[in-house]
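The structure appears right after this line, and notes come after that.
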Amino acid sequence: MCAVSTWVPVTREDGETVGYLEPLTEDYARVRPRSLLGHPVAESAEFIDGEELLIERGIAELAERWTLRDAQGEQTENLTIVELSQRGIVLMDYMAAKALYQDKKTVVEWPDLGQRLRLAGPSR
């Protein structure tokens, strides 16, 4: 795996970053598209195809509910992303964040290469 410093940010026309392209070849002809969280979106693509995939995919998933798996395999459910930067992925309880309640925050290292964060299933 290449260093994160070699990842190329992909931005929409409005300047919003929608993901990254991780080079798989030295000339960047083959890349691995990654979400804003650093999760792989596809195993391999040509550079332009990877860009188009990320732009089409967008960033809507950031507003979804998430589950966090810790080092022991335990899961915390019903989380939302409240901040995302290279300093980390900040999470809060989904309902507390929507009510603007100051709940405890959890920070996950960015990028989440271990894919500790996973989209939660449908609400019940």
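The values are calculated or read from the model by the stated rules, or taken from the named source; none is laboratory data. Predicted model only: the values in this text are computed from it and were never measured. We place every Cβ from the backbone using ideal geometry, glycine too, and count neighbours over all the protein chains shown. The accessibility values were calculated without ligands, DNA or RNA, using every heavy atom of the protein model including side chains. Shrake-Rupley method; radii C 1.70, N 1.55, O 1.52, S 1.80 Å.
Quick notes
- Helix 47-57 and the longest principal axis of the C-alpha atoms of the chain enclose an angle of approximately 30°.
- Solvent exposure of the chain as accessible area per residue, Å², 1.4 Å probe: 62
- Protection-proxy order for peptides 67-79, 36-48, each taking the mean of Cβ atoms within 10 Å per residue, highest first: 36-48, 67-79
- Remark: the stretch 1-43 carries a charge dipole of roughly 140 debye about the Cα centre, counting +1 on each Lys and Arg Cβ and -1 on each Asp and Glu Cβ.
- Fully extending the segment from THR76 to THR6, taken as 0.36 nm per residue of separation minus the present Cα-Cα distance, adds 22.0 nm.
- Cα pair distances exceeding 12 angstrom across the stretch 18-62, given as percent: 51
- Computed FRET value (nearest 0.05) for LYS98 with TYR28, which takes r as the C-beta separation and R₀ as 35 Å: 0.30
- Accessible surface of the chain, 1.4 Å probe: 47 percent of it comes from carbon and sulfur atoms.
- In terms of packing, defined here as the mean over residues of other Cβ atoms within 10 angstrom, the peptides 6-12, 29-35 line up highest first as 29-35, 6-12.
- Using heavy atoms of the protein chains and a probe of 1.4 Å, the accessible area assigned to TYR28 is about 70 Å².
- Take the Kirkwood radius over Cα pairs of the chain, plug it into Stokes-Einstein at 4 °C and 1.567 mPa s, and you get 84 µm²/s for translational diffusion.
- Spatially, the stretch 79-98 and the stretch 1-70 are offset by 20 Å when compared through their Cα centroids.
- Percentage relative contact order, the chain, counting C-alpha pairs under 8 Å, at least six apart: 17
- If only the Cβ of Lys and Arg carry +1 and only the Cβ of Asp and Glu carry -1, the dipole of the chain around its Cα centre is close to 600 debye.
- Leading residue at positive end of dipole, the chain (Cβ point charges), from SER5, TRP110, GLN72: GLN72
- Think of each Lys and Arg Cβ as +1 and each Asp and Glu Cβ as -1; about the Cα centre, that makes the dipole of the stretch 41-101 roughly 420 debye.
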